Amino acid sequence: FLTEVQQKVVVLGDFSVGKSSLILRVSKNEFLEEQESTIGAAFINFSVNVDNKPNQIQIWDTAGQEKFRSLTPIYYRGAIGAIVVYDVSREYSFQTAKEWVEELKEKANPKLIIALCANKIDLLEEKKKLLKEKEYADENGLLIYETSAKTGKGVTEMFVDFSKNLPKD
Ligand code: GTP
Ligand code: MG
């Protein structure tokens, strides 16, 4: 028999880094140039196959605007995984990502699996290798992914690989 595993995953990060776009890409294979800014939060259930078993993940899309920031603990509480997104074309959003990582380490489930997602890589010049981000991920025990919700590059791969890295119980 196949047992279904339900895993709560929260997606965090500064406003406009592409959280909703990544979720729209993985769930519907769509992209909107004028994606609306998220108010509050929403979730979708998503199934990925891991070792021939369906892993049900519940992905929570949060609002990145500063004014919603105090609400976010409601969404990461009880999560087994967190994907912290930043925009490679906007340096400041990496600072915000680091703040989220710190907050998660302090306040979330100590067993939380955290990933850093470098989104909008379609806007990055070939040469840039995200060295400092990789070093930061390494030092902090984070998984790291490079994605473009616009082209679709790396998006499904990220959610599947992330799901594989979550504990099974
Ligand atoms: P909030 O809901 O305000 O927190 O923002 P968000 O993180 O959900 O960002 P959203 O998905 O709304 O995307 C913001 C803008 O960036 C939109 O105009 C998207 O079309 C654009 N965008 C998202 N992902 C990418 C990407 O990978 N590449 C490019 N070039 N643009 C992207
Ligand atoms: Mg959004």
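For the reader, a short list of remarks on this structure follows.
- Based on alpha carbons, the Rg and Dmax found for region 1-86 are 13.6, 46 Å.
- Less than 5 angstrom separates the built amide H of Ala108 from none of the residues sequence-distant by 5 or more or on a different chain.
- A straight Cα-to-Cα reach below 20 Å connects Lys105 with the aspartates and glutamates Asp14, Asp61, Glu66, Glu133, Glu135, Asp138, Glu139, residues fewer than 8 places away in its own chain not being considered.
- Selection from Leu131, Thr96, Asn165 lying farthest towards where the dipole of the chain points positive, charges on Cβ: Asn165
- Solvent exposure of region 20-169 as accessible area per residue, Å², 1.4 Å probe: 56
- Per residue convex hull volume, Cα atoms of the chain, in Å³: 113
- Note on exposure: Phe15, Phe159 ranked by accessible area (1.4 Å probe, complete protein assembly) read Phe15, Phe159, with the most exposed listed first.
- Cleavage-rule hits (trypsin sites (Lys or Arg not before Pro)) in region 1-88: DSSP loop, at most 13 neighbouring Cβ within 10 angstrom: Arg77
- Rg/Rh ratio calculated on Cα atoms of region 83-169 (Kirkwood radius): 0.96
- Inter-label distance for Glu36 and Ser16, nm, one decimal - labels placed 7 Å from Cα along Cα-to-Cβ: 1.9
The values are calculated or read from the model by the stated rules, or taken from the named source; none is laboratory data. What you are looking at is a predicted structure, and each value in this text was computed from that prediction instead of being measured. Counting neighbours? That spans all protein chains shown, and the Cβs are built from the backbone with ideal geometry, glycine included. Calculation scope for accessible area: heavy atoms of the full protein, side chains included, ligands and nucleic acids excluded. Shrake-Rupley method; radii C 1.70, N 1.55, O 1.52, S 1.80 Å.
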